[in-house]
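Structure first, then comments.
Since every read-out is calculated from the coordinates, none of them should be taken as a lab result. Owing to the predicted nature of the structure, the values given are computational and were not obtained by experimental measurement. Glycine also receives a Cβ, built like all others from the backbone with ideal geometry; neighbour counts cover every protein chain displayed.
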Amino acid sequence: MSPTHALAFGDLDGGAWGVAWSPSADGPLSIAVGAGADAEVLAATLAGGPEDREWRVDGDAIELVLSPSSQPAGEARSDALVGFDQLCRAGGRVALGNAEVEVAAPGWRGARDGRLELDRIESFRQIAAWFGPDEGLALVALRPRGARGQDADLVAASVLESRPAPRVDEPRLSTTYSAAGIPARAGLELWFEEPQGDDPHADDEHEGFPRRAAGEAIGAGIEWTAAGFALHAAPLRWHSRGQDGAGVYLLGRRV
């Protein structure tokens, strides 16, 4: 896959939200943003990079800085999904319609390092949820061309916590689609790798139990195209372990 970068931000208070996906770390970017009833796709430039540096999104109608707020995570069994996920803080401004909206929201960013070419992918799903500055979940699923269903998907997931969580060994994603074929609800079940011997990272909280989360779309979403994919993104309200959080579901289908 070409080196891909993705990002999202928003909260549950009805402020600005946004999501973007790019087949490169730096260069032109189309970013979907919304606030209240307004939603647009804005032209910008992405300056991405590794997990220890700020990312920037700059355009005539948008200026954002995404600063890391958690340690990165991301151990994938498939070479096609090597990369990282990380919680972040988005700050800046967005012009929507005749109004300028200040952005100060939690979010997520992730990167894959490009070991599987994009032209071999039929569709992808990128899911992220955040419940605090250092607590969240992320999943990416790639469906190769010619695959008959989700059994062939390449999937990787990360649990983002202040204390490093064990590697997610078996990530499961379920999606309920609307009559229009867009995601309306999603469920995550993330099973951790079994500890080996005296693993110092083993603990009772993670051992033998999956991390589960359920989310529902809280807006109509927005559609655009990028790098040969038709994209649909919507903000989600997530529920996990008695907490509510914000997040996003990004679906990409080859045009």
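Please turn the phi angles of the stretch 32-37 into ³J(HN,Hα) values with the Karplus equation 6.51 cos²θ - 1.76 cosθ + 1.60 (θ = phi - 60°), one per residue in order, whole Hz, x for glycine and proline.
8, 9, x, 7, x, 8
Given a Förster distance of 22 angstrom, what is the FRET efficiency for Asp52 paired with Glu75, based on the Cβ-Cβ distance and rounded to 0.05?
Once rounded, the FRET efficiency stands at 0.80.
Of Trp224, Trp238, Trp21, which is the most mobile in a GNM of the chain whose springs link Cα atoms less than 10 angstrom apart?
Trp224
What are the semi-axes of the equivalent ellipsoid of the stretch 4-254, taken as the square roots of 5 times the eigenvalues of the Cα gyration tensor, listed largest first and rounded to whole Å?
Three semi-axes, in Å: 27, 20, 18.
Above 17 angstrom, tally the Cα pairs of the stretch 47-131 and express them as a % of all pairs, no decimals.
Distances greater than 17 Å cover 57 percent of the Cα pairs.
Can you tell me the order of 173-181, 103-111, 142-150 when each peptide is scored by its average per-residue count of other Cβ atoms within 10 angstrom, highest first?
Going from most to least packed, we get 103-111, 142-150, 173-181.
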